[in-house]
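Student: If you scroll down you'll find the structure; I have some questions about it.
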Amino acid sequence: MMVRFEEDEYIAVAIFDVGNRIQTMEAMDEIFSYLDEDMKLLIFTTIQKLYYLSDEGYEELQKTVEIYKADLEVDGE
């Protein structure tokens, strides 16, 4: 199954990535109740997509996520 991520979902994964698919979903789930409705929708859809993504697919996703992580680091300076 091909899972397509939107730019904001890539950013969410970049923020919460802890190295593997399951732990990243868990990290997102831990903060879910603290979010506003718009962010809840973003995190919910991102978790759904990660759920349907294989571990191998997550490794491929990491290539794009690393670009977003680098952008977040530059913006955070």
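Student: Can you tell me the accessible area per residue over the chain, all protein chains present, probe 1.4 angstrom, in square angstrom?
Tutor: That works out to 70 Å² for each residue.
Student: Could you compute the FRET efficiency for residue 41 and residue 63, with r as their C-beta to C-beta distance and R0 at 35 Å, rounded to 0.05?
Tutor: With R0 = 35 Å, the Cβ-Cβ based efficiency is 0.85.
Student: Ok, one more. Quick one: what do you get for the stretch 1-47 if you divide its Cα Rg by 2.2 N^0.38 Å?
Tutor: Computed over Cα atoms of the stretch 1-47, the ratio equals 1.08.
Student: First measure r as the distance between the Cβ atoms of residue 48 and residue 73, then evaluate 1/(1 + (r/R0)^6) with R0 = 35 Å and state the FRET efficiency to the nearest 0.05.
Tutor: 0.80
The values are calculated or read from the model by the stated rules, or taken from the named source; none is laboratory data. The shown structure was predicted, so the numbers you read here are calculated from the model rather than taken from an experiment. Because the Cβ atoms are built from the backbone with ideal geometry, glycine has one as well, and the counts that use them run over all protein chains shown. Heads up: the accessible areas ignore ligands, DNA and RNA and are worked out on the full protein's heavy atoms, side chains in. Shrake-Rupley method; radii C 1.70, N 1.55, O 1.52, S 1.80 Å.
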